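K.L.:
Structure incoming, see below.
The values are calculated or read from the model by the stated rules, or taken from the named source; none is laboratory data. Being a predicted model, the structure only gives us computed values, none of them experimental. Methodologically, a virtual Cβ is constructed for each residue, glycine included, from the backbone with ideal geometry; neighbour enumeration extends over all protein chains shown.
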Amino acid sequence: MVRILYGVMGVGFGHSSRADTIASILEDEHEILFASSNGAYDYLSKLGKNVAKIHGFNFSIKDNKIEYIRTFYNNALKAQDTVFAIGKVVDICKEFKPDIIISDFEPFTAMASKFLRKPLISIDHQHIISNSKIEYSKKYIKQYQISKFVSSNIVNHANSYIISSFFFPHIIKKNTIIIPPLIRKEILETKTEKGPHTLVYMPYEGNIELFKILREIENEEFIVYGAKKESIEGNLHFKNISKEGFIKDLSSSKAVISNGGYSLISEALHLKKPILTVPLLGQFEQVMNAYYLEKLNYGKYYEELDEIKIIGFLNNLAKYKRNLEMIKWNGKKDFKKVFDNFIYNISLENLEGDIEEENKIISNDAQLAYA
């Protein structure tokens, strides 16, 4: 058994959901103390997890989007807050005495690991930008460079980088492995069906024209989440978020329309749902996800939608379904292999060569699930 301090980025459902999934893999054999802030702290607390509240990044948000580079610089300029935040984590470590630290894009637990000389595992999706050779349209090169800079610096000294992803680009940084998505238990236990509706996950703000277009499409039904309203308007059924209701409507949908967020894409693909995606402007990670979604022929990617594009997508669902049926994911099993290998090598006081070689084997096995 090892004692694990697990830092979780405070903003973004994907980080806290992944932390809960990883806890289900590890908590029977190891002792875990989560450290987080903001929404992730609240989420993990409600689940009854052992979680310490720490200082979080002060995020710069514009038009419902996190501005990562502005966030990074604003926090870098507040050196006193950073020192205080690291000190808080160090105090937690002195009391809890972790053997290792895990960081899901959480900077202060990662910094504390360096200060305390504790082995560090990074687990997230964002490091795919800095640790692998990804493909993208060159018109997004500025966004790519900014995103690469941020992901390179948020957690920059991990002994092992575990990247959860539905695509497998070539790895360019040592001690990095890409595993399939870590799907939450509720989705894994859900039976997928094909109903008459398409699930739409979009905020109302900024998408009024899209909803007008959807209302004009005959013989199609759309269930809409994310708009923060509850009403029926023609063929649009707006619903407020509830875990049970959302999972039921996702699993019984015939397709999904959403932005390029990684968590929903991963869950929809697991359930074999074709996806029409419109990534948020200025969010390179979403653009990247949308690019690979289309490259793998799991769905379609547009920068903006109109009636013809939507109908064209819905008329080609069978083509995407054929590719989706080939997916066989077991991200939880692959994570357990990588983690156990890491712990074994810590016991041998060898955190590089053996980890690197064993992870290559695990990574190759994981990629076969996409063949």
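K.L.:
Could you list, in sequence order, all residues of the stretch 124-159 that are touching a Pro at 6+ places or on another chain (Cβ under 8 Å) and polar (S, T, N, Q)?
P.N.:
S132, N159 - these are the residues of the stretch 124-159 that are touching a Pro at 6+ places or on another chain (Cβ under 8 Å) and polar (S, T, N, Q).
K.L.:
Follow-up question, since we're still on this one. Could you list all residues from the stretch 175-200 that are among the hydroxyl-bearing types (S, T, Y) and surrounded by fewer than 20 Cβ atoms within 10 Å (Cβ to Cβ)?
P.N.:
T190, T192
K.L.:
Within the stretch 201-216, how many residues are touching a Ser or Thr at 6+ places or on another chain (Cβ under 7 Å) and at pLDDT 95 or above?
P.N.:
Within the stretch 201-216, residues that are touching a Ser or Thr at 6+ places or on another chain (Cβ under 7 Å) and at pLDDT 95 or above number 1.
K.L.:
If K272 meets every condition in (1) within 19 Å of Y140 (Cα to Cα); (2) of a type outside the set (G, A, S); (3) touching a helix residue (DSSP H, G or I) at 6+ places or on another chain (Cβ under 6 Å); (4) outside any strand (DSSP E or B) apart from one, which number is that one?
P.N.:
With (1) within 19 Å of Y140 (Cα to Cα); (2) of a type outside the set (G, A, S); (3) touching a helix residue (DSSP H, G or I) at 6+ places or on another chain (Cβ under 6 Å); (4) outside any strand (DSSP E or B) applied to K272, the lone miss is (1).
K.L.:
Given the conditions (1) at pLDDT 95 or above; (2) closer than 25 Å to L44 by Cα; (3) assigned to a helix (DSSP H, G or I), report the number of the one that Q126 does not fulfil.
P.N.:
Single failed check for Q126: (3).
K.L.:
Report every pair of residues separated by at least 6 positions or lying on different chains whose Cβ atoms are under 8 Å apart, first residue within the stretch 182-194 and within 21 Å of K337 (Cβ to Cβ), second of a type in the set (D, E, K, R).
P.N.:
L182/R18; L182/K332; I183/E267; I183/K332; R184/D20; R184/E267
K.L.:
Could you list, in sequence order, the residues of the stretch 136-156 that are in a loop (DSSP other than H, G, I, E, B) and surrounded by 18 or more Cβ atoms within 10 Å (Cβ to Cβ)?
P.N.:
The answer is V155, and nothing else.
K.L.:
Before we move on, is N235 in the same structural domain as I311 (by TED's automatic domain parsing), modelled with pLDDT of 95 or more and more than 22 Å from the chain's Cα centre (by Cα)?
P.N.:
yes
K.L.:
If T21 meets every condition in (1) touching a Lys or Arg at 6+ places or on another chain (Cβ under 8 Å); (2) part of a helix (DSSP H, G or I); (3) at pLDDT below 70 apart from one, which number is that one?
P.N.:
(3)
K.L.:
When the stretch 81-100 is examined, which residues are found to be within 26 Å of the chain's Cα centre (by Cα), farther than 24 Å from T71 by Cα and either buried (at least 17 other Cβ atoms within 10 Å of the Cβ) or free of Cβ contacts under 8 Å to residues at least 12 places away in the same chain (or both)?
P.N.:
Listed by number, the residues that qualify are P98, I100.
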